[in-house]
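The values are calculated or read from the model by the stated rules, or taken from the named source; none is laboratory data. In this text, all values refer to a predicted model and were calculated from it rather than measured experimentally. Glycine also receives a Cβ, built like all others from the backbone with ideal geometry; neighbour counts cover every protein chain displayed.
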Amino acid sequence: MLKIAIDLGTSATKIYKTGSGVVLAEPSCVAVNADTQQVKAIGSDAKLLVGKTAEFTSIVFPVYEGEIVNHKMAVVMLDEFLNKIGLRAGRRRTEVLFSVPCGVSEKARSAIYGVCDELGISRIDFVETPYLSALGQDLPVSDSNPAFVIDMGAGTTNIAVLSLDGIIAGVSVNIGGNNMDVHIIDHVADRFGLKIGSLTSERLKNAVGSLTPGDNQGTVVNGRDIRTGRPRSVAVTSADIVYPIRVYIDKLMEYTGMVLKKLPAEVSAAICRSGVHLSGGVCKISGLAEYVGEKLSMEAHVGEEPQMSVALGGGRAIGNASVLKKIKLDF
């Protein structure tokens, strides 16, 4: 039987296929004709059109803050992605694992069931994101060995301390890398009088975003002059955008502190020794681990492929029946 794991994210969808590894990683977006709703592009092709389309083309993001918000476009998008990995037929016999936010609601689960029903998928399991992040980072999680995980996605961040016996304390918050991008757009407008788009903001964050003191990497950013309305370029350094990045991380640290306060003393002692493990696309920011470690007074670790941790963990879970039985959600 074919088994796949799907990390259906706000920004990107990743699919792990047993025997092959991660076989797809594409933006979670669809370009459609605003009048006819005819699909023009999906995934990477649609992402290229963000901010560049005329009024008759709309860019739709079917997933928002970790939940499906546009059923029709989610079906269209996932159908295309499944076709791309060679899964046009035999979907009823395919076992699919979905990553879901910590404490996922019944409404969110029902939305996934509805999409899968239209796609011809009937064998579905759900596992909360922190578990898959831990597995994807090869953490030695057991009933007696807890792990402390923070997965920072584009739409949501999952913070949890867990063991194979269950999540000891955890929360999913609707704060993600997209919030940081919006803050960077506003900050560049205030500081330089330059209006930039979401794609430019994301590229700027990935190119020079840093929490390392004294870091002064630089890049050139193109946009529209707010005063004259004409195209203009400015040089932006890491120091210029450190504020909106730091505000975002500091807010996450507040939520993290709330989770840590709920832990039994022995669990606190255990994670103080092992530290916190970070995953998600936000981990591309230079100096993030050091900054988080200082804020939490413990060592912070970032895996080799933090943006793929959840997808890789999904693959490991679906390939190990005994582990999956322990960590999947039962309804």
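What the table shows:
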quantity	calculated
Count - residues of region 52-66 that are buried (at least 18 other Cβ atoms within 10 Å of the Cβ) and in contact with a Ser or Thr (Cβ under 8 Å, 6 or more places away or on another chain)	6
Number of the exception - T10 against (1) crowded, with 19+ Cβ neighbours inside 10 Å; (2) among the hydroxyl-bearing types (S, T, Y); (3) part of a strand (DSSP E or B)	(3)
Check on V292, over 22 Å from A12 (Cβ atoms), β-branched (V, I, T) and touching a Phe, Trp or Tyr at 6+ places or on another chain (Cβ under 9 Å)	no
Per-region count, region 48-58, residues under 18 Å from V76 (Cβ atoms) and in contact (Cβ under 8 Å) with a residue 40 or more places away in the chain	1
Residue ID - surrounded by the most Cβ atoms within 10 Å (Cβ to Cβ), chosen from residues in region 18-29 that are within 21 Å of V76 (Cβ to Cβ) and either more than 18 Å from the chain's Cα centre (by Cα) or of a type in the set (G, A, S) (or both)	S28
Helices (runs of 4 or more DSSP H) fully within region 236-331 counting 3 or more residues that are in the same structural domain as I159 (by TED's automatic domain parsing) and without any contact (Cβ under 8 Å) to a residue 24 or more places away in the chain	265-274, 288-296
Residue ID - farthest from V302 (Cα to Cα), chosen from residues in region 139-148 that are part of a loop (DSSP other than H, G, I, E, B) and touching a residue at least 60 places away in the same chain (Cβ under 8 Å)	N145
Count of region 85-105 residues which are in contact (Cβ under 8 Å) with a residue 40 or more places away in the chain and farther than 13 Å from I6 by Cβ	6
Members of region 298-314 that are farther than 14 Å from V149 by Cα and in contact with a helix residue (DSSP H, G or I) (Cβ under 8 Å, 6 or more places away or on another chain)	E305, M308, A311, L312, G314
Spans of strands (runs of 3 or more DSSP E) in region 149-226 with at least 1 residues of a type in the set (D, E) and touching a residue at least 12 places away in the same chain (Cβ under 8 Å)	218-225
Scope region 95-123; condition surrounded by 14 or more Cβ atoms within 10 Å (Cβ to Cβ) and more than 20 Å from L82 (Cβ to Cβ); matching residues	P101, C102, V104, A108
Those residues of region 35-47 which are modelled with pLDDT of 90 or more and either within 16 Å of L24 (Cα to Cα) or touching a helix residue (DSSP H, G or I) at 6+ places or on another chain (Cβ under 9 Å) (or both), in sequence order	V39, K40, A41, I42, G43, S44, D45, A46, K47
Residue among I175, I184 that alone is hydrophobic (A, V, I, L, M, F, W, C), touching a Lys or Arg at 6+ places or on another chain (Cβ under 7 Å) and buried (at least 24 other Cβ atoms within 10 Å of the Cβ)	I184
Members of region 63-106 that are on the phi < 0 side of the Ramachandran plot, of a type in the set (G, A, S) and within 19 Å of the chain's Cα centre (by Cα)	A74, S99, S105
